[in-house]
Amino acid sequence: MQGAPSVPMKTLPLLLLAPVLWLCAGPTLHAQDAQTRFRLGQAYEQAGDFERAVQLYRQLLQAEPGNVVYFDATQRVLLQLKRYDETIALITTRLSANPADPALRTTLGSVYYRAGREPEALREWGQVIAGDPASPQRYRLIAGVMLENRLLERAAQMYRDGRIACKNPSLFTMELAQLLSASMDYRGATTEYLSWLAQNSSQMSFVQSRMGSYTWKPDGRAAAVEAVQEALGQRDDVRLHELLAWLYIEGKEYDEALEEHRTIDRLSKTQGTSLAAFADRAFKERAYDVAARAYRDAIAAPLTGPRLAAAHYGYASALMEIDAKADTLQAPLTPDMKPASESRLRYRGAIAYFRTVARDFPATVYAAQSHYQIGRIQSEKYYDLDGALESFAEAGRARVTPPTLRFDIAMREGEIHLSRGDSARAAASFASVASAPGAAPDQSDEASFRLAELEYFHGNFDAALDRLNAMTANLRADFANDALRLQAFLGEHRAFSEAALRQCARGDYLRRQHKLGDAESVFRDLLTRSPAAALADDILLRIGQIEAASGRYADAIAVYEKLLQDHKETSTHLDRARFSIAEAYQFGLKDPVRAIAAYEQVLADYPRSVLTSLARSRIRTLRGDAL
């Protein structure tokens with residue numbers, strides 16, 4: 001019937017009995033059907049038919065006035081119907097038999113409040129407290145009812161009054177902390193958590209997890225910092241410094257966190273251990289400059305034992321990452337691809353420190369890792385392939401070289417062989433990792449992708465796609481995006497012209513070998529032969545990158561502009577071309593005004609590009625308002 005309340009299927013059998021039961025209903029309730037009636041009342045209540053439910057519950061309660069279950073059911077349904085006067089009368093009647101029942105009188109106060117009779121509610125709650133003013137449970141009971149009625153400030157005051165009356169300032173700490181947090185009194189909540197921490201010094205993680213409900217918000221974190229700083233003004237406690245350091249890290253304020261960890265290390269006398277742990281955390285958060293200072297402080301503490309070698313290696317790694325981070329702002333994404341001169345300064349400090357680590361800690365894993373990092377810098381940043389191979393060999397000969405590091409060494413050696421045009425040795429290196437049962441998943445994925453690239457370079461598109469299809473089955477893999485891009489590139493352009501794709505692959509192989517002139521000739525010949533080829537925009541992007549890498553920045557800009565003009569409706573490389581124009585102005589032609597304008601055009605025309613964040617950073621750097 002339209003408008004009737006929906007009834008759960010499990011209640012239907014009981015409801016079908018209703019007519020019979022109602023015919024049998026009378027002033028006296030028979031014991032044998034009391035349970036059946038109660039279940040029927042529950043069925044009505046669950047179905048939302050509170051009127052019928054309350055009639056049944058009242059009959060049951062009238063027959064058994066002392067039955068608590070019937071009393072609670074009747075009270076519950078009357079409240080659902082908002083028949084407050086009847087509920088008050090019901091509770092008052094029951095109170096007459098036990099006037100000192102604190103729970104019942106507390107409930108009566110709640111009903112008074114819901115009925116809009118606040119003075120009577122406060123009177124009842126006051127009587128509960130007066131009955132035993134030194135009972136913590138009574139304050140907790142009333143505060144809980146106040147919370148149910150959203151009387152947050154009154155509940156907080158009830159807890160505070162209870163502390164005074166019970167002469168125990170540590171009472172209700174967690175209750176009050178959570179209540180103040182819900183009320184957005186973050187400073188007050190923090191003060192309560194600090195009180196809890198003072199009583200339970202081993203529960204720092206617990207306190208941090210609770211405070212985390214509001215410290216993720218700037219205002220919540222700022223209030224918490226103020227509260228901790230105020231507490232530190234009263235007592236210089238290492239736990240408070242630890243909590244303050246955690247708050248600073250939560251807010252990415254690593255310089256302030258470092259100062260706190262210096263104090264923590266001094267107070268706890270850990271001889272740099274706390275500083276080294278913080279340095280590790282800052283490094284993972286990519287705060288490399290702060291990490292470097294923390295590692296340096298830990299080493300000078302002085303740090304001893306196994307952690308000393310780790311700290312030295314961490315410091316060298318931080319130096320390397322600082323230079324790499326500067327590269328993203330001070331060097332184009334397309335490198336010049338030429339061997340570095342002996343006077344090149346970037347990464348020099350990192351290399352020197354890695355060599356120190358390898359020399360001073362030869363019996364640790366950090367010696368091998370240091371040689372490995374030197375090799376990566378030599379191959380990727382300096383294009384010193386001979387030096388890189390020697391460094392990788394040193395890493396392999398180290399006294400302690402973990403299997404996973406050996407796989408990484410094989411991958412980097414394979415890339416060097418590929419750069420030298422030695423496909424056979426490159427394939428052997430990559431295959432040794434791809435088929436190794438002990439290789440990590442990301443190592444196997446990278447090796448498989450490199451093997452697919454080799455197949456592509458040699459025009460073996462079916463073999464390349466077979467490898468790529470296997471990789472893209474797991475989109476969570478680190479190299480899944482690279483595999484998807486190459487897979488899409490092959491699938492799209494092979495259908496139009498396999499011959500053009502083969503020529504493009506030859507050019508890409510030459511470019512990987514840093515034979516820029518030969519690669520450019522192949523690409524330009526392809527454009528001359530097939531100016532309307534589907535991959536023409538890809539070829540133009542490659543030619544522009546070669547021109548920029550060769551130092552011909554004006555020519556590079558002209559090529560990028562041609563890509564933007566001729567393929568503005570179809571190309572997926574428009575953001576990259578516009579960004580590359582900005583880089584040519586910034587790093588090649590040293591024209592910051594035009595560079596800023598070009599970066600701004602990237603932001604305006606391609607707001608969803610992955611390059612927007614870097615474009616903003618470059619703009620700030622060029623304007624001199626950020627580092």
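What to note about this one:
- Point-charge dipole on Cβ atoms (K/R +1, D/E -1) for the chain, about Cα centre, debye to 20: 700 debye
- Packing, taken as the mean count of other beta carbons within 10 Å per residue, orders the peptides 97-105, 555-563 from highest to lowest as 555-563, 97-105.
- For Arg594 and Glu256, the FRET efficiency from 1/(1 + (r/R0)^6), where r spans their Cβ atoms and R0 equals 41 Å, is about 0.55.
- For segment 496-623: rounded, prolate or oblate by the Cα gyration tensor [a/c cutoff 1.5]: prolate
- Sorted peptide list for 350-361, 483-494, criterion being average Cβ within 10 angstrom, highest first: 350-361, 483-494
- Leading residue at positive end of dipole, the chain (Cβ point charges), from Ile557, Phe71, Trp246: Phe71
- Phe489/Arg620 FRET efficiency (R0 30 Å; Cβ-Cβ; nearest 0.05): 0.35
- Projecting the Cα atoms of Ala452, Val400, Ala436 onto the charge dipole of segment 396-481 (Cβ charges, centred on the Cα centre) puts Val400 farthest toward the positive pole.
- The order of Ile142, Ile129, going from fewest to most other C-beta atoms within 10 Å of their C-beta, is Ile129, Ile142.
- For segment 177-235, trypsin sites (Lys or Arg not before Pro) meeting the loop criterion (DSSP other than H, G, I, E, B) and having at most 15 other Cβ atoms within 10 Å: Arg235.
- Proximal charge balance of Met158 [Cβ under 12 Å; K/R count +1, D/E count -1]: +2
- Label-point separation in nm, Gln199 to Arg420, each point 7 Å along Cα→Cβ: 7.1 nm
- Over 27 Å (Cα to Cα) - which of Lys284/Lys515; Lys515/Lys562; Lys252/Lys381; Lys217/Lys284; Lys252/Lys325; Lys381/Lys590 fall in this group: Lys284/Lys515; Lys252/Lys381
- Taking a Cβ cut-off of under 14 Å around Met174, the surrounding Lys, Arg, Asp and Glu residues balance to a net charge of +1, with basic ones at +1 and acidic ones at -1.
- Placing unit charges on the Cβ atoms only, positive for Lys and Arg and negative for Asp and Glu, gives segment 258-309 a dipole magnitude near 120 debye about its Cα centre.
- Dipole in debye (nearest 20) - segment 496-623, about Cα centre, beta carbon charges: Lys, Arg +1; Asp, Glu -1: 420 debye
- Read-out percent of Cα pairs over 45 Å apart, derived from the coordinates shown; its label in (1) 26; (2) 49; (3) 21: (2)
- Between the helical axis of 592-605 and the longest alpha-carbon principal axis of the chain there is an angle of about 50 degrees.
- Packing-based order for 507-514, 531-538, using average beta carbon neighbours within 10 Å, highest first: 507-514, 531-538
- Each residue of segment 193-199 is assigned a 3J(HN,Hα), and the resulting list reads 5, 5, 5, 5, 5, 5, 7 Hz, derived from the Karplus form 6.51 cos²θ - 1.76 cosθ + 1.60 (θ = phi - 60°), x at Gly and Pro.
- Mean Cα-pair separation over length for the chain, i.e. relative contact order, pairs under 8 Å, 6 or more apart, %: 5 percent
- Between 0 and 90°, nearest 10: helix 218-234 axis offset from the chain longest Cα axis: 80 degrees
- J(HN,Hα) series, segment 582-590, from Karplus relation 6.51 cos²θ - 1.76 cosθ + 1.60, nearest Hz, glycine and proline x: 4, 4, 4, 5, 6, 9, x, 8, 6
- Most positive-pole-ward Cα, Gln127, Ala615, Gly220, against dipole of the chain from beta carbon charges: Gln127
- With Cα atoms, 0 to 90° folded angle of helix 204-215 axis to the chain main axis: 90 degrees
Every number here is computed from the coordinates shown, using simple stated rules; none is lab data. Bear in mind that the values here come from a model prediction, so they are computed numbers and not experimental data. When we count neighbours, we look across all protein chains shown, and the Cβ atoms used for this are built from the backbone with ideal geometry, even at glycine.
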